[in-house]
Amino acid sequence: MKQNTNRFLEIWVGEFSRAVEVFAAEPPAAVYAEIEASGRAQVEAQLAGYLWWQGTVGSEENFVLWVGAEPACWSALGNGVDKGNDAKQTYLEMVEQATQGAAAAVSSGFATPLRCRDGSVGALTSLETLELAEIKITFRNAALPPVILAIEPAAANALEEQGPAGKRQSAEAPGAELPGTALNAAPNLALNSAPNSASKSPMLDRLMDLQLPVSVLLGRAVLSVREVLKICPGSVIELDRQIEDHVEVVVHGTVVARGEIVSVRGNYGVRIKEVISRQDRIALKDAA
């Protein structure tokens, strides 16, 4: 497996661990390892027993990522949120959130950032052309069946860094665990989950705990004074957005991201689908 592909999968594992923690309020212990040729036959024999999620990632070039999990794995992770929820849907949201986050993280500095299109559940019938890795997970003191990652060889080309930012080399240290993990397995690959993980300046360190007001904008409407005075319980105000449109995440009056409304442990949340670039944020603020 090529270095660019390894780096993406390593970052994906870190994002998946964070997604589980966001939903379940408790991080899993996760160890990532490439599946060698000798282990492919065992996975191939169990293909039909996995729940497979398929997502397409890329910009100018695309590749397909498959994520597979046995029922004992996805149900444990999904039920870790709330016993009354749809465990399968919760697990799939974790997977999609991890893929979105990994695409954004790994392409930091790219001339054309990577995007993850909405994934879907499908049937994977053959591993013949795919490269494989597995995540061994311990969640709430229970060892779960591993999550299988299957990725097209085309990922290596799509993940090549573009533009003047140059070729950044991820620091790999075989045998290292993923951040925050405690499960030992070999061989393991180090996770560089933060592409810009250089030491922070003292000023940035002081700013890291600064709290910012975050608002979610569902839409806008312009009403006359007469219409406002007529508002009463049961009134409906039509907004300037369609049902399928993304909502805007606003910090101090500036749009920083767009996403879709989701339910997290009985509360509303926003799953980020698009992060606005710094230049676009400045342009939106100036136009406000």
Any chance region 36-46 includes a residue that's modelled with pLDDT under 85, open to solvent by 10 Å² or more (accessible area, probe 1.4 Å) and under 18 Å from G266 (Cβ atoms)? no
Looking at (1) among the small types (G, A, S); (2) within 19 Å of G119 (Cα to Cα); (3) modelled with pLDDT of 90 or more, find the lone condition where A72 falls short. (2)
Answer yes if at least one residue in region 14-32 is at pLDDT 90 or above, among the aromatic types (F, W, Y) and under 13 Å from the mean Cα position of the chain (by Cα), and no otherwise. yes
Quick one: is A133 surrounded by 14 or more Cβ atoms within 10 Å (Cβ to Cβ) and part of a helix (DSSP H, G or I)? no
Given (1) within 12 Å of V64 (Cα to Cα); (2) touching a Lys or Arg at 6+ places or on another chain (Cβ under 6 Å); (3) modelled with pLDDT of 90 or more, index of the condition A150 fails: (2)
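A quick yes/no check of all residues on (1) more than 16 Å from A19 (Cα to Cα); (2) open to solvent by less than 50 Å² (accessible area, probe 1.4 Å); (3) assigned to a loop (DSSP other than H, G, I, E, B):
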residue	(1), (2), (3)
C73	no, yes, no
Y91	no, yes, no
V95	no, yes, no
T99	no, yes, no
F110	yes, yes, yes
T129	yes, no, yes
P146	yes, yes, no
If you take the residues of region 158-167 that are farther than 19 Å from L132 by Cβ and surrounded by 13 or more Cβ atoms within 10 Å (Cβ to Cβ), which of them is modelled with the highest pLDDT? E161
Matching entry among A102, A37 (being more than 17 Å from A158 (Cβ to Cβ) and among the hydrophobic types (A, V, I, L, M, F, W, C)): A37
Kindly indicate which of Q54, Q3 is modelled with pLDDT of 90 or more and open to solvent by 20 Å² or more (accessible area, probe 1.4 Å). Q54
How do the pairs read when you match residues in region 264-277 that are under 14 Å from V216 (Cα atoms) with residues anywhere that are polar (S, T, N, Q) and assigned to a strand (DSSP E or B), using Cβ under 8 Å and keeping only pairs 6 or more apart or on different chains? G269/S263
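The values are calculated or read from the model by the stated rules, or taken from the named source; none is laboratory data. Nothing here was measured: the structure is a model prediction, and the numbers come from that model. Ideal geometry is used to build each Cβ from the backbone, glycine not excepted, and the neighbour counts take in all protein chains shown. Please note that ligands, DNA and RNA were not included when accessible areas were found on the heavy atoms of the full protein model with its side chains. Shrake-Rupley method; radii C 1.70, N 1.55, O 1.52, S 1.80 Å.
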